[in-house]
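What follows is one structure encoded as structure tokens, with my remarks underneath.
The values are calculated or read from the model by the stated rules, or taken from the named source; none is laboratory data. The structure displayed is predicted, hence computed values, not measured ones. Glycine also receives a Cβ, built like all others from the backbone with ideal geometry; neighbour counts cover every protein chain displayed. We work out accessible area using only protein heavy atoms, side chains counted, and drop any ligands, DNA or RNA first. Shrake-Rupley method; radii C 1.70, N 1.55, O 1.52, S 1.80 Å.
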Amino acid sequence: MEKIKLTLGSLFDGGGGFPLSDLLAGIQLVWASEIEPFPIRVTTKRFPFVKHLGDINSIYWDEI
């Protein structure tokens with residue numbers, strides 16, 4: 001049986017606590033949405049591979 005790889009997009013990401021717990025469970029964070037500069041710096045340091053999409057109102061959902 002093929003193992004399914006789970007991925008995650010994080011809305012209102014904050015400091016990335018929820019995605020951090022998912023990473024520990026083997027779930028890959030792909031993108032995050034946050035507008036505050038400090039939390040974005042924190043998650044950029046924790047997850048350098050994550051695409052930051054910014055304001056939720058500016059996201060083109062059909063392109064994700």
(message) As I understand it, the dipole of the stretch 19-64 uses +1 on the Cβ of Lys and Arg and -1 on the Cβ of Asp and Glu, about the Cα centre. Which of VAL30, TYR60, THR43 lies farthest toward its positive end?
(response) THR43
(request) Determine the share of the chain's accessible area contributed by carbon and sulfur atoms, expressed in whole percent, with a 1.4 angstrom probe. (result) 60
(message) With +1 on the Cβ of every Lys and Arg and -1 on the Cβ of every Asp and Glu, and nothing else charged, how large is the dipole of the chain about its Cα centre, in debye rounded to the nearest 20?
(response) 340
(request) Send over a whole-number figure in Å² for the accessible area per residue of the chain, probe 1.4 Å. (result) 75
(message) Relative contact order of the chain, please, whole-number percent, based on alpha carbon pairs below 8 angstrom and at least 6 residues apart.
(response) 31
(request) Kindly provide the helix-only [θ] at 222 nm of the chain, computed as the sum of -39,500 (n - 2.57) over DSSP H runs of four or more divided by all residues, to the nearest 500 deg cm²/dmol? (result) -8000 deg cm²/dmol
